[in-house]
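Where a number appears in this text, it was derived from the coordinates with a stated rule and is not lab data. Note that the structure is a prediction, hence the values are computed from the model and not measured. Note that each Cβ is placed from the backbone with ideal geometry, even for glycine, and that neighbours are counted across all protein chains shown.
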């Protein structure tokens, strides 16, 4: 469309269009929580952040080892205290992740992996003294586990176990790296493997800190690709494959940085170098690319969210903790504490409004259901109609629209459902639910949180009715194609504005997502 070549004009129209279509929709609903005096939010710019909650392991006081989920204000909205007999298993690499069913999985290094519900009930566990740093629950229900805790050449550095705890796949680093210059290395283990990821093609990405290598392993155990990070830095942690094929990694030596590279060309696409003179411990272990393009980074005693332009727009700091000495002035902090990894759980509410039927209106027996919505991270919209006179549901759940996402930034199309319902005369309530994807995993391929919003509208079905009470003092009377007089607020979006806004909004976000991925 030639009219959209001016980006500035285009952005203004999009903003105005969103206001016209969604004048009363909140961008996010984030739960409130309980303040922790040791968690300080030093920077928060809500218009620039990917708002949600942040999940991480916390053991900054000697007697409390726990998992916490905090909101953007640093308030604790959920926590789980690790049992006393397991508190000592925090190093190397205490990892926590949220599962799609809202269960929590955590890895205690040197001990094993546990799955719990929100009430703290243990649902599954796998004990393994070599487990450390990282794991992934796979779509088939199996669990991929990193094994780098004091590993040797006889250790399988990556294993996949089924729900019964049987090893169904494993990989030994010695099959490819028991040779110079790797064979004689030893530093907290031989390879000190610290990350595993199952790729969409079925291969497995394994990261080995001591070798400064990230390797892609096929199901047969052969290395089909590897990257040596020594040309950029050292000590790689938590490589993350992005939807555009690039790799995001933490390097915490020479220099301390987060780097995004193109693995095909070895080109550095983006990097963030820590300045220790600005109060950064320079001990980063985890960086996650968020759906809005920002990056969430852990740096020992703080978690920051930065924009592509490297502006810090959110920062949580643990109060009075000196990372170099391991304690603070009152000596009550844990030694060797490290905010090792964190996960942002998005809370983007689905944005929609009910256009028809309108509140209090009369409707023909063949009732049109019209819902205006934004495609941004929208998962599904469905509705159900309740008969208020008969005190029962008049319909089952009916899908209005269902969107398909390949990953957090790639839209794969939509399926439309039913938008008309035949009803007998009576008083009804239309219930509409919409869900949006919350992309909070360590990559952007798996949604881990589904946010759902409900809206309702009361209406009447009759073959002969006239609205005597206007919806609002500013309403005007209009007549539908069926000849039924209804009321429409002058503040409501006009039909042409809705249509134009829908086209512009969808076009804008498709363009935005294409720009992120660099693909058409």
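Quick look at the values:
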| item | result |
| --- | --- |
| Chain lengthening between residue 228 and residue 392 when straightened (0.36 nm per residue, less Cα-Cα) | 52.6 nm |
| Backbone N under 20 Å from the residue 103 label point (7 Å along Cα→Cβ), restricted to region 150-194 | 159-169 |
| Per-residue Cβ neighbour rank within 10 angstrom, fewest leading, 256, 223 | 223, 256 |
| Ascending count of other beta-carbon atoms within 10 Å, so fewest first, for 107, 316, 242 | 242, 316, 107 |
| Shape category assigned to region 182-235 from the gyration tensor of Cα positions, a/c cut at 1.5 | prolate |
| Length gained when the stretch residue 118-residue 199 is fully extended (0.36 nm per residue, less Cα-Cα span) | 26.3 nm |
| Length added when fully stretched, residue 412-residue 269, from 0.36 nm per residue minus Cα-Cα | 48.9 nm |
| Order of 264, 319, 136, 455 under a 10 Å beta carbon neighbour criterion, fewest first | 264, 319, 455, 136 |
| Region 108-149-region 213-244 distance, computed between alpha-carbon centres (Å) | 22 |
| Estimated FRET transfer efficiency (residue 61, residue 458; beta-carbon r; R0 60 Å; 0.05) | 0.70 |
